[in-house]
Structures are given as C-alpha cells and as structure tokens.
Amino acid sequence: MESVILQCDDVTVDFDGFKAVQGMNLTLVKGELRFLIGPNGAGKTTMLDVICGKTKPAAGKVLFGKSGGIDITRRKEHQIAELGIGRKFQTPSIFASLTVHENFEIAMKQNRGVFAAMRAKLRKEDGERIAAQLEMVGLAEKSQWRAGGLSHGEKQWLEIGMMLLQEPEILLLDEPVAGMTDNETEKTGELLEEIRKTQSVIVVEHDMEFVRNFASFVTVMHEGKLLKEGSMEDVQRDDRVAEVYLGKRRDVDASRSTA
Ligand SMILES: Nc1ncnc2c1ncn2[C@@H]1O[C@H](COP(=O)(O)OP(=O)(O)OP(=O)(O)O)[C@@H](O)[C@H]1O
C-alpha cells in the first residue's frame, strides 16, 4: 500500500491581506516524484516555503511522516530540516572557493557548524558515502575542482548531492533545471528518477518539456488554489489548465520559460 509521507491540509497563506495560497491540499506518498506547476504567481514557491517552514500558514496543517505524521505547521525551519525535509532554492548555496569534495565533507558534518565541520575528521564510512554521492550526481571526476569553476548545471547537482548527504526524506526543489543546457536538463531528470528510489521529491517547474519527460503525477496550482491533479496527459487535456496557461490554447506546451 502506498504510504503517505506528507499531507498539506487546507493550507492558506496570507501576506497582509493577500491570499497567496488558499485552502491548498497536497498529499505526497513515499518514493514519489511530484511536479508542482502553474502560471507565475500561482503560489507554488509559497507552498514549498510553507512545507519547509520558511512561511507560516494563516490556516491549515502540514503533517509529515508515516502513520498520520506529526504536525510541523508551527515548527521552525531548522527543526523541519532536521526532521528530514530538505529545501533547495534556485540559487545554489555552495562554497565556491572550496573543492567539490570539500563541499560534500561540509554537508556531511553540517550539524557541527561550518568551521567545526571543516576541521572535523571524516570517518571511513563518511568518505565512502561521499564517493557514492559524487558518483550519483555525476561529479566523481571533478571532485578536486573548485566548486566555483563548475558549470551552472554541475553546481546544481553539487548542491543536490550536498542535500542528499543529509539524508532528507523529502526534497523540495525550486526550478532545478532553470538555465541548464538540454543535456544538463536530461541528466537532472535522470538524477531525480534515481533519487526517488530512496526519497520523495517535490519539484516546482516551469519547463514543460522537462515535466512531460519526467513527471508521472502533476499538481497544477492557479491563484493559490489546486486547479488540477493527475498524469501529465490528464493535465494537458484539461481545458481549465490550458486556459490559465495560454489563454484559450489547448496545449500546455508553453515555450521554455526562465521565469
Ligand atoms: N513575501 C511576500 N509578500 C507578499 N506577497 C508575496 C510574498 N511572496 C509571494 N507573494 C505573492 O504571492 C503570490 C504567489 O507567489 P509565489 O512565488 O508562490 O508564486 P509561484 O507560483 O511560485 O510563481 P513563479 O512561478 O512566478 O515563481 C504572488 O502574487 C507573489 O507576488
């Protein structure tokens, strides 16, 4: 049976009277790769902010974990991260002057603080995990490169790898392929498919070609609300979805957006 790992119930976010999210529901099961799409301003990023604790909802609940889960709605951001929800923002937060390997070492020991982490010794099993993670995100051959010298796509993978080392149960990614080359986009999709074997992932995305290639289940938001949920085929066939995306046109195939 599918096990629910995250449940957002009737979430409303109010920014000084403006309801960026209104009564939004979202349920994620373990091992799911969920794409959250919708036009600009739909409330997608705000939903990620609510789940990771950056923004507190005015109403509703966020439950995390198995068997009904625990209510994380009022927990602080760092507590939610410690519980196992990792958030990656659009701009990578990596240490540009350190090597790829050193960045991974820091991620491995993040709880001790950055400077303590740099001094602390790695255990043998930590080294093995880092090696496996480098392999998974395709950076094994560049482990001694300075992170600042990596391509845009590689920096994103580095940060995803750093997050994975902290073993989150859920990863929240905001437009991970924005600015990537086609080849990097493809590789990122493959990486997400690999990640979902052990973790659950929510991806906010504008790149419809990418969504079509890698999404099995899509949630569409519009004006802070759930507009439609289903397979990409279902979503593309939906007249309301076509309407909010492109006026009256049926195809949700918006050209690649960098928004
Ligand atoms: N801190 C804030 N204060 C006031 N309004 C905000 C704040 N953050 C977001 N909003 C507004 O809430 C609405 C939803 O924003 P959000 O960023 O969640 O949308 P989105 O679907 O992620 O859009 P995009 O695809 O353009 O990133 C927008 O109208 C935005 O201007």
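The values are calculated or read from the model by the stated rules, or taken from the named source; none is laboratory data. Worth saying up front: this structure is predicted, and the values here are computed from it rather than measured. A quick note on method: Cβ atoms are made from the backbone with ideal geometry, for glycine too, and the neighbour counts reach across all protein chains shown.
The table below lists the values:
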read-out: Helices (runs of 4 or more DSSP H) contained in the range 181-259 and holding at least 1 residues charged (D, E, K, R), at pLDDT 95 or above and surrounded by fewer than 15 Cβ atoms within 10 Å (Cβ to Cβ); value: 182-195
read-out: Among (1) away from the ligand (no atom under 16 Å from the Cβ); (2) modelled with pLDDT of 95 or more; (3) farther than 26 Å from Ser151 by Cα; (4) of a type in the set (Val, Ile, Thr) - the single one Val4 does not satisfy; value: (2)
read-out: Subset of the range 138-168 [closer than 25 Å to Gly38 by Cβ and surrounded by 18 or more Cβ atoms within 10 Å (Cβ to Cβ)]; value: Gly153, Gln156, Glu159, Ile160, Met163, Pro168
read-out: Candidates Gly148, Gly161 - the one that is among the small types (Gly, Ala, Ser) and closer than 30 Å to Thr27 by Cα; value: Gly161
read-out: Residue check for Met47: out of contact with any Asp or Glu (no Cβ under 8 Å at 6 or more places or on another chain) and modelled with pLDDT of 95 or more; value: yes
read-out: Filter result for Val201 (within 16 Å of the ligand (Cβ to nearest atom), among the β-branched types (Val, Ile, Thr) and under 22 Å from Thr91 (Cβ atoms)); value: no
